[in-house]
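Input: a single structure, listed below in structure tokens.
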Amino acid sequence: MKVLVINCGSSSLKYQVLEMETEELLCKGLVERIGIDGSVINHVKSGMDKWVKETPMKNHTEAKGHVLEALVNPERGIAKSMKEISAVGHRVVHAGEKYANSVLITDEVIEVLKECSELAPLHNPANLQGIAACRELMPDTPMVAVFDTAFHQTMPPESYIYGLPYEYYEKYAVRRYGFHGTSHKYVAMRATKMLGKDMADLKLITCHLGNGASIAAVKNGKVFDTSMGFTPVAGLVMGTRCGDIDPAILAFVAAKEDKSFADMDKVINKQSGVYGLSGVSSDFRDVEAAADEGNERAKIALKVYAHRVKAYIGAYIAEMNGCDAIIFTAGLAENGKTMRKAICENMDSLGIVLCDERNDVRGKEALISAVSSDVKILLIPTNEELMIAKDTYEIVGAL
Ligand code: ADP
């Protein structure tokens, strides 16, 4: 069965087609600058060179049209007709408290997702546009929505309720939701396989450290706690997001700098994190290079970053009363051995010991803890698209 995976942003569209029986990637692509000048599609059929075409695309439906054309192209396509695509899996960021699992997309599901748009104003409307464009062009193909928030829906109230007046939760659904759920679930499943255990018997800490970053405590197969909150700005220090801060800082700085809350929202989302700290870049490679050259602010940024991850690991060990494995995934954690080392340093009293030799690895599944380490440390490249395709395959296969 061929499954098309779609991940729609406000002006971009990422896609992949997988052959599910073998989990083989047939092709992938990226459409950028949808609705603005310079719209462009990049398409790669596995084993072939990248094909790039710049052509105006006014909206997601037009972009989707170009994707479908590429998929059935005799030369670089992967199907003779779109009928060969049996299902489509859509990444959707926010499902509020409505869905704890992926669901078949129906009119009712779309209504629910529209209601959730208020909670993810930058993401859900774009995801919905992608779904609408697909349904218009492939009206008979079953589609599945896979949510970033779903895996975290198992959290107990003590993890998701904030210490605010309870009525804000009741009236406005203000609570911790957590994001990157598809990635946390994927690496937790892979770790379980690597450890040869049952997820129900494991306590895992999954660290998704990319440009956006979050940690999850996965206890007996269910998320017990996670670092992102009501929005993806909470928790760890990130590329440009501040992570946890004293909330009173917002009103204090807003008054000092004559800024509105909307301005401050921009500051904490776009001008903070390692970018704001270092003044160099949001990309860890640039910040590490600057630190190596002696840039003090870059050094502080990296120290603050590692410190925050370490603090969350400690907290989650306490919350779960132990931990069998720590998993590193996403851009920084998959590639940055220096950061992995900085995070794991001086944690031997918690049974966490990294092996320098094993840690000298990037971008592939590996055990990187020392033999003496009670807690296994694993490197597992994430694959959110495969996870979306698997859920889609399972749901549509059962129809
Ligand atoms: P996202 O999907 O959130 O945009 P990724 O998971 O692709 O993020 O991670 C991107 C980040 O990974 C970049 O900001 C970069 O800082 C970091 N990264 C990539 N390669 C390396 C490397 N070799 N060393 C350190 N950091 C890296």
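Here are some notes:
- For region 102-129, the candidate set comprises residues that are outside any helix (DSSP H, G or I), of a type in the set (A, V, I, L, M) and under 20 Å from Met387 (Cα atoms); within that set, the residue that is most open to solvent (accessible area, probe 1.4 Å) is Leu104.
- The set of residues in region 307-353 that are within 16 Å of the ligand (Cβ to nearest atom) and either of a type in the set (Lys, Arg) or within 14 Å of Asp374 (Cβ to Cβ) (or both) comprises Arg308, Lys337, Arg340, Lys341, Cys344.
- Residues in region 214-266 that are open to solvent by 70 Å² or more (accessible area, probe 1.4 Å), modelled with pLDDT under 95 and out of contact with any helix residue (DSSP H, G or I) (no Cβ under 8 Å at 6 or more places or on another chain): Ala262, Asp265, Lys266.
- Qualifying residue in region 251-268 (condition: within 14 Å of the ligand (Cβ to nearest atom) and in contact (Cβ under 8 Å) with a residue 24 or more places away in the chain): no
- Output for region 267-304, where each listed residue is within 24 Å of the chain's Cα centre (by Cα), among the charged types (D, E, K, R) and surrounded by 13 or more Cβ atoms within 10 Å (Cβ to Cβ): Lys270, Asp283, Asp286, Glu288, Lys303
- When residues of region 284-306 are limited to those that are among the hydrophobic types (A, V, I, L, M, F, W, C) and closer than 19 Å to Cys242 by Cβ, the one modelled with the lowest pLDDT: Phe284
- When the strands (runs of 3 or more DSSP E) confined to region 1-82 are screened for residues that are in contact with a Gly (Cβ under 6 Å, 6 or more places away or on another chain), in contact (Cβ under 8 Å) with a residue 24 or more places away in the chain and buried (at least 16 other Cβ atoms within 10 Å of the Cβ), those reaching at least 1 such residues are found at 2-8, 13-19, 40-45.
- Matching residues, region 305-349, being of a type in the set (D, E, K, R), assigned to a helix (DSSP H, G or I) and open to solvent by 20 Å² or more (accessible area, probe 1.4 Å): Arg308, Lys310, Glu319, Glu334, Lys337, Lys341, Asp348
- Residue count for region 286-296, restricted to those that are within 10 Å of the ligand (Cβ to nearest atom) and either over 20 Å from Ala333 (Cα atoms) or free of Cβ contacts under 8 Å to residues at least 24 places away in the same chain (or both): 3.
- Entry remark, region 195-220: residues being more than 15 Å from the ligand (Cβ to nearest atom) and either part of a strand (DSSP E or B) or touching a Gly at 6+ places or on another chain (Cβ under 6 Å) (or both) number 9 in total.
- Count of region 371-395 residues which are open to solvent by 20 Å² or more (accessible area, probe 1.4 Å) and either within 16 Å of the ligand (Cβ to nearest atom) or more than 20 Å from the chain's Cα centre (by Cα) (or both): 12
- Taken as a whole, the structure leaves His184 outside the set of residues that are in contact (Cβ under 8 Å) with a residue 24 or more places away in the chain, in contact with a helix residue (DSSP H, G or I) (Cβ under 8 Å, 6 or more places away or on another chain) and in a strand (DSSP E or B).
The values are calculated or read from the model by the stated rules, or taken from the named source; none is laboratory data. Owing to the predicted nature of the structure, the values given are computational and were not obtained by experimental measurement. Methodologically, a virtual Cβ is constructed for each residue, glycine included, from the backbone with ideal geometry; neighbour enumeration extends over all protein chains shown. Surface areas here come from the heavy atoms of the whole protein model, side chains and all, with no ligands, DNA or RNA. Shrake-Rupley method; radii C 1.70, N 1.55, O 1.52, S 1.80 Å.
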